[in-house]
Amino acid sequence: MSRKEAPQPVTISRTSPNLFIRRVLSMNLPNYTDFIAIFDPVVFMTGLAVFCARICDVSIGTVRTIVTVQGRSVLAFSLAVFEVTIWITVISTVITQVKDVPILVVFYSLGYATGNVVGIMVEKKLAFGFIILKVFSHFHGKSMAEYFRQLGQPVTVFEGEGLQGPVLELYIVCRRRDLRWMIPKVYELDSEAFYVVEQARDVSKVLKPVCTPLGGWRQRNNRK
């Protein structure tokens, strides 16, 4: 009978730090010659296309992450489809040409960084969701609450005690886009007012103001 050999212990090879550094340094990173190649019209147009496409998919991804947190599943699904489609197109272009045109890595990185900023700016402009606006006022709480109620915005008033005496707290649940005109109006009515904004994930019912101050292009056209 053949004798069974004892199993050999499994050894896991670990890459030493020096070997890892050598591998990183041996990568085909952009050098001075590659940066000069940017003046080639074909290289420049390809890099510009990668840059713009990367801005689009990263900004869409930023907005998608925010609406996902807010629970907007349908919108998040639609944005994810466009995001992945653009990303696959961009990454396939970079992978197939990065060996010959390493400068594409720079366009790819700049597009990624710029896309994050653009995504945050776009989301702020769209202002999806609802928020809770808490305003604290010493002397003008009642008049402020009455003003917002006349516009159709529900306001709940609480009495409280602050560092400098009694205060009134205005508890307002509204759309995020309404903050653009509500906060300036708060300071117009009470320059010493203090406010806090909180995210409202689920709201049973929100009454929209029946009339809001004109802003942006509507305000400019109204002045003409």
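Quick rundown of the values:
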{"item": "Length added when fully stretched, ASN116-LEU48, from 0.36 nm per residue minus Cα-Cα", "result": "22.8 nm"}
{"item": "Rough spin-label spacing in nm, given labels placed 7 Å along Cα→Cβ, for VAL196 and ARG72", "result": "2.7"}
{"item": "PHE158 versus ARG180: modelled label distance in nm, points set 7 Å from Cα along the beta carbon direction", "result": "3.0"}
{"item": "Whole-percent carbon and sulfur share, accessible surface of segment 86-189, 1.4 Å", "result": "63"}
{"item": "Hydrodynamic radius of segment 109-214 per Kirkwood, over alpha carbon pairs, in Å", "result": "15.2"}
{"item": "Under 11 Å, Cβ to Cβ, from SER59 - net charge with Lys/Arg +1 and Asp/Glu -1", "result": "-1"}
{"item": "Mean Cβ count within 10 Å, highest first, over the residues of peptides 169-181, 73-85, 110-122", "result": "169-181, 110-122, 73-85"}
{"item": "Per-pair calculated FRET efficiency, R0 = 22 Å: LYS125 and VAL81 via Cβ, rounded to 0.05", "result": "0.50"}
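The values are calculated or read from the model by the stated rules, or taken from the named source; none is laboratory data. Please read these numbers as outputs of a predicted model, since none were measured by experiment. Please note: Cβ atoms are built from the backbone with ideal geometry, for glycine as well, and neighbour counts cover all protein chains shown. Only protein heavy atoms, including side chains, enter the accessible area calculation; ligands, DNA and RNA are left aside. Shrake-Rupley method; radii C 1.70, N 1.55, O 1.52, S 1.80 Å.
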